[in-house]
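A.B. asks: Encoded as structure tokens, here's the structure I'll be asking about.
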Amino acid sequence: MKIIDNFLNEEEFDFILGTVSSEDSFPWYVTEQNFDKNNADKNTSMNLQFFHMLYYHNSGGWMSDHASILNPIIKRLNPFCLLKSKVNLLVNYNTHTKGNFHTDLDKESISQTGILYLDTTNGPTEFADGSICHSIRNRFVEFATSTKHRSIRQVDKPQRRVININWIPYD
């Protein structure tokens with residue numbers, strides 16, 4: 001796992017944040033997030049996650065009119081092949097509910113996963129080995145796509161937003 005603080009310059013980061021914060025033009029879609037059954041509220045309305053798919057290689061590529069927010073990230077990563085990217089938003093349910101450990105893609109042993117945190121919150125990403133990456137604005141964490149990880153809901157802020165990206169690096 002590699003953590004990079006201040007991953008993007010402020011102008012690039014502010015462009016991304018401004019785009020995903022636009023209530024008028026940035027659409028969010030909802031799905032039920034799979035939460036740890038031992039730690040989840042049985043009320044499925046408490047397990048919702050909002051997302052916005054930007055790119056998915058297996059579905060034809062670009063999926064959003066707002067995909068340009070990936071440009072500074074792609075420029076920084078310089079991937080051989082982009083596989084998938086989306087923006088996730090978790091709302092505060094006043095409990096540190098833990099998601100299920102998962103990998104973002106199946107059968108991608110040579111790919112990397114990255115998470116760009118858009119907000120500083122007390123909702124971290126936890127890895128199956130017990131390590132934690134705290135949600136800090138403009139922090140990027142990179143790890144092998146085969147690494148199991150999960151989100152933990154924040155309780156200190158109304159929302160936790162991240163950009164999740166999966167790619168194959170050149171080396």
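The values are calculated or read from the model by the stated rules, or taken from the named source; none is laboratory data. Just so we're clear, the structure is a prediction, and the values are computed from it rather than from any experiment. All Cβ positions, glycine included, derive from the backbone under ideal geometry; neighbour counts span all protein chains shown. Note: areas computed on protein heavy atoms with side chains; ligands, DNA, RNA excluded. Shrake-Rupley method; radii C 1.70, N 1.55, O 1.52, S 1.80 Å.
A.B. asks: Can you confirm whether the range 70-80 contains a residue that is surrounded by 15 or more Cβ atoms within 10 Å (Cβ to Cβ) and assigned to a strand (DSSP E or B)?
C.D. replies: no
A.B. asks: Residues in the range 123-135: is at least one open to solvent by 20 Å² or more (accessible area, probe 1.4 Å), in contact (Cβ under 8 Å) with a residue 12 or more places away in the chain, within 27 Å of Asp14 (Cα to Cα) and touching a His at 6+ places or on another chain (Cβ under 8 Å)?
C.D. replies: Yes, there is a match, as at least one residue in the range 123-135 is open to solvent by 20 Å² or more (accessible area, probe 1.4 Å), in contact (Cβ under 8 Å) with a residue 12 or more places away in the chain, within 27 Å of Asp14 (Cα to Cα) and touching a His at 6+ places or on another chain (Cβ under 8 Å).
A.B. asks: Follow-up. Residue check, Tyr93 against (1) in contact (Cβ under 8 Å) with a residue 60 or more places away in the chain; (2) closer than 26 Å to Ile69 by Cβ, all met but one. Which one?
C.D. replies: (2)
A.B. asks: Restricting to the range 96-119, name every residue that is in contact with a Lys or Arg (Cβ under 6 Å, 6 or more places away or on another chain) and either without any contact (Cβ under 8 Å) to a residue 24 or more places away in the chain or among the small types (Gly, Ala, Ser) (or both).
C.D. replies: Within the range 96-119, just Gly99 meets the criteria.
A.B. asks: Right, another one. Name the pairs whose Cβ atoms lie under 6 Å apart, with the first residue in the range 59-86 and in contact (Cβ under 8 Å) with a residue 24 or more places away in the chain and among the hydrophobic types (A, V, I, L, M, F, W, C), the second assigned to a strand (DSSP E or B) and open to solvent by less than 40 Å² (accessible area, probe 1.4 Å), and 6 or more positions between them or separate chains?
C.D. replies: Note: pairs meeting the criteria are Leu70/Leu54; Leu70/Ser85; Phe80/Ile168; Cys81/Ile168; Leu82/Tyr55; Leu82/Trp167; Leu83/Asn166; Leu83/Trp167.
A.B. asks: Return the residues of the range 81-93 that are assigned to a strand (DSSP E or B) and under 17 Å from Thr31 (Cβ atoms); say none if nothing qualifies.
C.D. replies: If the condition is that a residue be assigned to a strand (DSSP E or B) and under 17 Å from Thr31 (Cβ atoms), then Lys84, Ser85, Lys86, Val87, Asn88, Leu89, Leu90, Val91 are the ones that fit.
A.B. asks: Whether any residue in the range 111-124 is among the hydroxyl-bearing types (Ser, Thr, Tyr) and modelled with pLDDT under 95 is what I want to check.
C.D. replies: yes
A.B. asks: Within the range 1-28, restricting attention to residues that are among the hydrophobic types (A, V, I, L, M, F, W, C) and either open to solvent by 80 Å² or more (accessible area, probe 1.4 Å) or part of a helix (DSSP H, G or I) (or both), which residue is nearest to Ser64 (Cα to Cα)?
C.D. replies: My answer is Val20.
A.B. asks: Of the numbered conditions (1) at pLDDT below 95; (2) closer than 27 Å to Glu23 by Cα; (3) outside any helix (DSSP H, G or I), Ser45 satisfies every one except a single condition; which is it?
C.D. replies: All conditions pass for Ser45, except number (3).
A.B. asks: Of the numbered conditions (1) of a type in the set (Val, Ile, Thr); (2) open to solvent by 30 Å² or more (accessible area, probe 1.4 Å); (3) at pLDDT 95 or above, Val91 fails exactly one; give the number of that condition.
C.D. replies: Single failed check for Val91: (3).
A.B. asks: Something else about it: Give the residues of the range 94-120 that are among the polar types (S, T, N, Q), crowded, with 17+ Cβ neighbours inside 10 Å and farther than 15 Å from Arg150 by Cβ, sorted by residue number.
C.D. replies: Those that are among the polar types (S, T, N, Q), crowded, with 17+ Cβ neighbours inside 10 Å and farther than 15 Å from Arg150 by Cβ: Ser111, Gln112.
A.B. asks: Okay, next question. Looking at (1) surrounded by fewer than 17 Cβ atoms within 10 Å (Cβ to Cβ); (2) touching a Pro at 6+ places or on another chain (Cβ under 9 Å); (3) not basic (Lys, Arg), which is the one condition that is false for Asn58?
C.D. replies: All conditions pass for Asn58, except number (2).
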